Structures are given as structure tokens and as C-alpha cells.
Amino acid sequence: MAIENPSRDEIKDILKKAKRIAVVGLSNNPDRTSYLVSAAMQNAGYEIIPVNPTIDEALGVKAMASLKDVEGPVDIVNVFRRSEQLFDVAKEFDGIGAPIFWAQQGLVNEEAYEFLKSKGYTVIMDRCIKVEHALTKY
């Protein structure tokens, strides 16, 4: 099965409705892509929740060790982990009740995609959330 992302209009709707984004693999290093993208989304008004067991905080927010540690609802889980790790993240994602699984640009895993789609989740892979936000905000 090939990866099929939602249309640009659907992505626009997703980003318009979302408020809280849990970012798996968010680094506290301002030179890393995960930090730059998440900072831009935070500056655009989204609440960013860092999910990384190796840091204490990022972007002024206490980091959670895992998705299961995030309190309250999450609208989007944005993933900055290697493609081969996406299935493990997808299994953890399945337990938290978030509707959108978003793997950043360059990240694709068909097993994770099929697992999540079969459970009815919206799955976006190989797309940068910051770029999509910029392209759809008007």
C-alpha cells in the first residue's frame, strides 16, 4: 500500500482546528530541525509539548518521557524520529487518543501507516508541518 496523505485542503483544516502538538524527538538544541520547526509552530500560536526522554525541557516547556506522560488532549503528534522507529511511535500513539499522526519530511514507514490507517487515524508522512502551515494559512 502506498502512503496517501490528506489533501492540502484537509491539511489546512487539520492545522486550523489543532491547538496542542506533542513533538516526539524534539531537541533542545536550537540548531536542530525539530527545534526550529517546533519554535515556528509555537510562535504561530500552537501549544508545543516536547516528548523526549533525554532532555528536561525545550522551548521553555517541560519535556515528557513518552506520549503516555502527556496530560490532556493532544491534537497532533508530530514525529522527528528515524523512519525505522515510526512503527514503535505509532504503537504508543495508538494508546493516547490523538487523531493525527504526522511524520516529518523525509520520514516514511508503510507498516506504521497501514497500522494507523486500519485503526481510522489520519496519517501524514513525509511532510513538514511548518511548510504545510505556511502554505495553508491564507
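Consider residue 126 against the criteria (1) part of a loop (DSSP other than H, G, I, E, B); (2) open to solvent by 60 Å² or more (accessible area, probe 1.4 Å); (3) farther than 16 Å from residue 3 by Cβ: it satisfies all of them except one. Which criterion is unmet? Here residue 126 clears every test but (3). For a quick check of your reading of the model, give me the residue pairs whose first member lies in the range 120-138 and is farther than 16 Å from residue 80 by Cα, whose second is part of a loop (DSSP other than H, G, I, E, B) and of a type outside the set (Lys, Arg), with beta-carbon atoms closer than 7 Å and at least 6 apart or on different chains. From the range 120-138, the pairs are 121/99; 122/6; 122/99; 133/44. Could you check, for the range 78-93, whether at least one of its residues is buried (at least 18 other Cβ atoms within 10 Å of the Cβ) and in contact (Cβ under 8 Å) with a residue 60 or more places away in the chain? For the range 78-93, residues buried (at least 18 other Cβ atoms within 10 Å of the Cβ) and in contact (Cβ under 8 Å) with a residue 60 or more places away in the chain: present.
For the range 20-41, the set of residues classified as over 15 Å from residue 128 (Cβ atoms) and open to solvent by 30 Å² or more (accessible area, probe 1.4 Å) consists of 20, 28, 29, 30, 31, listed by residue number.
Residue under question is residue 108, and the condition is that it be open to solvent by 20 Å² or more (accessible area, probe 1.4 Å), part of a helix (DSSP H, G or I) and of a type in the set (A, V, I, L, M, F, W, C); does it hold? Considered against the rule, which asks whether it is open to solvent by 20 Å² or more (accessible area, probe 1.4 Å), part of a helix (DSSP H, G or I) and of a type in the set (A, V, I, L, M, F, W, C), residue 108 comes out as no.
Residues of the range 87-133 that are under 17 Å from residue 8 (Cα atoms) and small (Gly, Ala, Ser): 103 alone. Could you grab the pairs with beta carbons closer than 8 Å, sequence gap of 6+ or different chains, first residue in the range 10-26 and within 18 Å of residue 96 (Cβ to Cβ), second one among the charged types (D, E, K, R) and crowded, with 17+ Cβ neighbours inside 10 Å? Sorted first by the residue in the range 10-26, then by its partner, the pairs are 17/75; 18/75; 19/75; 20/75; 21/75; 24/81; 25/81.
The values are calculated or read from the model by the stated rules, or taken from the named source; none is laboratory data. Quick caveat, the model's predicted, so the values are computed rather than measured. Neighbour counts run over all protein chains shown; Cβ positions are idealised from the backbone, glycine included. Protein only, heavy atoms only, side chains kept; ligands, DNA and RNA dropped before computing areas. Shrake-Rupley method; radii C 1.70, N 1.55, O 1.52, S 1.80 Å.
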